[in-house]
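The values are calculated or read from the model by the stated rules, or taken from the named source; none is laboratory data. Everything numeric in this text was worked out from a predicted model, so none of it was measured. Glycine also receives a Cβ, built like all others from the backbone with ideal geometry; neighbour counts cover every protein chain displayed. Ligands, DNA and RNA are stripped out before the accessible areas are found, and what is left, the full protein with its side chains, is counted by its heavy atoms. Shrake-Rupley method; radii C 1.70, N 1.55, O 1.52, S 1.80 Å.
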Amino acid sequence: MHDLHDLVTPETVVSGVAVGSTKKLFALLADVASRVYGLDATLVAAQLAAREKLGTTGFGGGIAIPHGRIEGLDAVRGVMMRLDKPVDFGAVDDSPVDLVFMLLSPATAGADHLKALARVSRRLRDRGFTAKLRGAGSADAIYALLAGTEARDAAA
């Protein structure tokens with residue numbers, strides 16, 4: 001499965017975001033998760049920060065996948081952000097990050113969390129795909145790419 005339609009909704013894809021630090025980025029990601037998924041924003045931001053202290057989730061090429069497990073979450077969920085100005089993430093290649101896919105999983109998700117993380121990572125390692133994400137004109141266009149609706153519409 002190449003698309004990520006089961007992880008994001010149009011409301012969880014945000015473009016044109018300006019943040020000056022990972023702390024502000026985590027707060028903004030948590031705010032979206034709170035609004036759309038009904039989660040405690042403070043808890044989400046704290047989980048992301050705690051995970052980041054274990055090691056960077058910036059895996060190179062301007063991409064980061066901050067992630068965490070959240071008590072009370074019903075399924076694996078995501079939030080995608082394209083930043084206006086890249087932020088330092090301490091990424092493995094020292095490149096600042098402009099594409100961020102936050103992945104949240106239920107506390108007991110285990111294998112589902114790892115499978116979702118692998119799917120997102122695989123998709124975002126595709127340089128052609130990330131170029132399309134960076135070139136997309138709107139959050140709706142980014143969502144269409146993530147959800148695979150662009151390919152489905154073209155095939156119809």
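Things worth noting here:
- Gain on full stretching of the segment that runs from Ala111 to Ser21 - 0.36 nm per residue minus C-alpha separation: 29.3 nm
- Calculated FRET value between Thr42 and Asp74, using beta carbons and R₀ = 22 Å, to 0.05: 0.65
- Dimensionless Rg over Rh [the chain; C-alpha; Kirkwood]: 0.93
- Of the solvent-accessible surface of the range 71-121, computed with a 1.4 Å probe over protein heavy atoms with every protein chain present, carbon and sulfur atoms account for 50 percent.
- Binning the C-alpha pair distances of the range 59-100 at 5 Å intervals from 0 yields a P(r) profile of 6, 22, 26, 18, 12, 11, 5 %, listed from the shortest bin outward.
- A cut-off under 15 angstrom between Cβ atoms defines the neighbours of Val92, and their net charge, with Lys, Arg +1 and Asp, Glu -1, is -3.
- If you wrap the tightest convex hull around every Cα atom of the range 12-67 and split its volume per residue, you get 82 Å³.
- Two-decimal ratio, the range 25-105, of alpha-carbon radius of gyration to 2.2 N^0.38 Å: 1.03
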